[in-house]
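Please read the structure below before turning to the comments.
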């Protein structure tokens, strides 16, 4: 029961954060769109795992767990859907710290472009859209 409650909470919060991406996008804060998209994806996917009775790892990328446990995920999620979910997790994880903190030779606001933000936002939308029907959640 606890996993189910957390699953619903995670996916509801992912939906709320998904809407916030549009505000960041309109402000042309590309690095923040990328960073927040990763968090949306992480919350949604951890919600999916919890709904399936799988305790997600305390890491940002759950791609390997999704692939290893795909037989425990809802049957309505096709193998190619699970592969897309895993790819979104893996791809956005790569940008997690870089989009937020930058690096010695990289300033996030100068590095990330609109195309990066658009791709990240679309990945977040796709993940929430695939996950939400399998977890009873709000927005």
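Bear in mind that the values in this text are calculations on the coordinates, not laboratory data. Small disclaimer: the values here were computed from a predicted structure and weren't measured. For neighbour counting, all protein chains shown are included, and Cβ atoms are generated from backbone atoms with ideal geometry for every residue, glycine included.
Just a few scattered comments:
- The chain - percent relative contact order, Cα under 8 Å, separation 6 or more: 40
- Look at [x] 37, 21, 12; [y] 26, 15, 13; [z] 81, 28, 16: the one that is semi-axes √(5λ) of the Cα gyration tensor in Å derived from this structure is [y].
- Estimated from the Cβ-Cβ distance and a Förster radius of 25 angstrom, the FRET efficiency linking residue 126 and residue 4 is about 0.60.
- Spatial offset of the range 92-122 relative to the range 1-77 amounts to 19 Å, using the alpha carbon center of each.
- Degrees, to the nearest 10: 2-26 long Cα axis against longest axis of the chain: 30
- Estimated at 0.36 nm per residue, the fully extended path between residue 27 and residue 75 surpasses their Cα-Cα distance by 13.3 nm.
- Highest-fluctuation residue, 101, 25, 112 considered, GNM on the chain with Cα pairs under 10 Å: 101
- Helix 114-131 axis versus longest C-alpha principal axis of the chain: approximately 10°, rounded to the nearest ten.
- Here the label points at residue 94 and residue 115, each 7 Å from Cα along the C-beta direction, are separated by 1.4 nm in the simple model.
- Helix axis angle, 79-101 relative to the chain longest principal axis, alpha carbon, degrees: 40
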